[in-house]
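Asker: Following this message is one structure expressed as structure tokens.
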Amino acid sequence: DGAALRWCISGALCASFLGLGMSIAVLGPTFPNLAANVGKNVSDIYYIFVGRSLGYLGGSVLGGVLFDCMNANLLLALSMLGTTGGLYGIPWCNQSLLLTILMSVIGGAMGILDTGYNVLALYTWGSEAGPHLQALHFSFAAGAFLAPIVAQMDLRGSESEELARAETTNQSVLKSVPTASATSTTPAPNGRHNEDFLWSYVIIGTYILFVSIFFFALYSKSSSATDKSKPSEQKNRLAKYHWPLVGLLFVFFLFYVGAEVTYGSYVFTYAKVFAEMTEREAAALNSVFWGTFAVCRGAAIFGAAFLSPATMITMSLLCSAASSTALAFLAHYRALLWVGSAVYGASMATIFPSGIAWIEQYTVVEGKTASLFVVGAALGEMCIPAAVGYLQGRFHHVPVVMYAAFVASMMTILLFPVMYKLANAPQERDVQEVSDSETRKTLLSNSRLTEDEEEEEEHVSEWNDADFEVIAMNDKLKSSLMDTSPRIPGDSPAEVSLQPHLDDALGDPTVVANGSPGRQNGSVDWEKSA
């Protein structure tokens, strides 16, 4: 049951991330209709993006706090309900201020969702979260891909209705021109614009509503105590340099996400202005970047099951550095521009989910920690594209977007070794444990050495005692034999016959006192000479 519940949570997270991607991406194709709905030009309602970004930042911070004190499934379900309400209300907004407020609310809910999805995936799978995080972010890319398709299908249907209405209007114009002019000044276009994109928002909002119901069902199966048991058990795994590590990863994600969004936003303009491509070629180049990005995120689901997060990050950073270098200095070659864009998109696909899975191996990732990562990514998405746009306006003949991609790649490739060094720094308790272990080993080896020396000394002392006993016994035996033997001068047969028996009794002549071989032979020769 526990394994089935974990897979259900993972599937619900992927489904909700798909809806999050559609919610963010649907604004692009419907943006002109939103501007017409509030009676503004497209360039006059840029502040709705600012409102959504600010709400996203606030929601990320708020979500980091709330996830540490309430049930994650319940918070995600409530946030999705807020997103659904905002999506249902946007098509009916005819005032720019109300539209901006609704965008801020949706941005706040999305910030909570983005933080909560990553945290809940880590809580659910722990050290096995790598493939699931890759699947999560692949679902976001798939949602961003599907939203324009849904919007365009809706808009095409409304365009056919507009053509039918135009024919009817042209016929009525011949009968009553003043009526036609009066009709053009009435607020009827607002209703028409509402019909243009109403179903796109309704479809996406309804989808998110169904996913939120599933999270309410998961909430009934779990409790807040269960959600917080895992991080409480992992407190002893907090890295020695936890907050410096989190701060560096904050900056790392800022440069990474900023470079990703900047290149995806400006490569179309670069292709037309600097590479002198047609609009179709520029759009194809942009599609190559995002296409390889999405494909590699899908492939990373399986790659994360065999490769560690550090290995995937290293491979991505090396490919990013190589491709951004080629784009910055060799993009005037058409082939390198196409290949570099494809490799750059592929290299950017796995860094964010791999970074979250990597830091989870070394320290505890709670709601506040994950919110900082999301805030860093959101700031990079806001600041770096704006800075590149400003610099590109000041320096028209400089490909700022390519140099920005190169600088961001160099920053990330320099930051990661520093983070890796901090993550692997031994903690104080680890150093103490190593010191205690070495002390125990030293004491144990010394005790063994002392025991060996004592055994050797006992052996030597026992050998010396035995040796002396043998020597004393030999001396006594020799004395007794000499005393019992007759004293015959010269070479008497008795002495000669006695000598072999004496040698047999004494053993090897080398073991006698003074240890000199031939001592006995010398005495025999002296007796003979005498």
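The values are calculated or read from the model by the stated rules, or taken from the named source; none is laboratory data. All values reported here derive from a predicted model rather than from experimental measurement. So basically every Cβ, Gly included, is an ideal-geometry build from the backbone, and we count neighbours across all protein chains shown. We work out accessible area using only protein heavy atoms, side chains counted, and drop any ligands, DNA or RNA first. Shrake-Rupley method; radii C 1.70, N 1.55, O 1.52, S 1.80 Å.
Asker: Looking only at the stretch 266-293, which residues are part of a helix (DSSP H, G or I), modelled with pLDDT of 85 or more and of a type in the set (A, V, I, L, M)?
Answerer: 267, 271, 273, 282, 284, 285, 288
Asker: Scan the stretch 35-50 and tell me whether some residue there is modelled with pLDDT of 85 or more, open to solvent by less than 10 Å² (accessible area, probe 1.4 Å) and assigned to a helix (DSSP H, G or I).
Answerer: No, every residue in the stretch 35-50 fails to be modelled with pLDDT of 85 or more, open to solvent by less than 10 Å² (accessible area, probe 1.4 Å) and assigned to a helix (DSSP H, G or I).
Asker: Checking the structure you have, find out if any residue of the stretch 300-320 is in contact (Cβ under 8 Å) with a residue 40 or more places away in the chain, under 28 Å from residue 396 (Cβ atoms) and among the hydrophobic types (A, V, I, L, M, F, W, C).
Answerer: No, the stretch 300-320 contains no residue that is in contact (Cβ under 8 Å) with a residue 40 or more places away in the chain, under 28 Å from residue 396 (Cβ atoms) and among the hydrophobic types (A, V, I, L, M, F, W, C).
A quick yes/no check of all residues on (1) open to solvent by 10 Å² or more (accessible area, probe 1.4 Å); (2) over 27 Å from residue 302 (Cα atoms); (3) in contact (Cβ under 8 Å) with a residue 60 or more places away in the chain:
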residue: 92; (1), (2), (3): yes, yes, yes
residue: 95; (1), (2), (3): yes, yes, no
residue: 99; (1), (2), (3): no, yes, yes
residue: 104; (1), (2), (3): yes, yes, no
residue: 107; (1), (2), (3): no, yes, no
residue: 121; (1), (2), (3): no, no, yes
residue: 124; (1), (2), (3): yes, no, yes
residue: 129; (1), (2), (3): no, no, yes
residue: 135; (1), (2), (3): yes, no, yes
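Asker: What are the pairs, 6+ residues apart or on separate chains, where a residue within the stretch 235-264 that is in contact (Cβ under 8 Å) with a residue 12 or more places away in the chain and surrounded by fewer than 24 Cβ atoms within 10 Å (Cβ to Cβ) has its Cβ under 7 Å from a residue that is part of a loop (DSSP other than H, G, I, E, B) and of a type in the set (Gly, Ala, Ser)?
Answerer: Pairs that qualify, where the first residue is in contact (Cβ under 8 Å) with a residue 12 or more places away in the chain and surrounded by fewer than 24 Cβ atoms within 10 Å (Cβ to Cβ) and the partner is part of a loop (DSSP other than H, G, I, E, B) and of a type in the set (Gly, Ala, Ser), are 240/425; 241/425; 245/239.
Asker: Then there is this: Looking only at the stretch 335-390, filter to residues that are outside any helix (DSSP H, G or I) and of a type in the set (A, V, I, L, M); which one of those is nearest to residue 325 (Cα to Cα)? Step through it out loud before you land on a result.
Answerer: Within the stretch 335-390, the subset outside any helix (DSSP H, G or I) is 348-350, 361-366.
Still in the list and also of a type in the set (A, V, I, L, M): 348-349, 364-365.
Values: 348: 14, 349: 18, 364: 35, 365: 34 Å.
Selected residue: 348.
Asker: What's the number of the condition residue 77 fails, among (1) touching an Asp or Glu at 6+ places or on another chain (Cβ under 8 Å); (2) modelled with pLDDT of 85 or more?
Answerer: If we test residue 77 against (1) touching an Asp or Glu at 6+ places or on another chain (Cβ under 8 Å); (2) modelled with pLDDT of 85 or more, just (1) comes out false.
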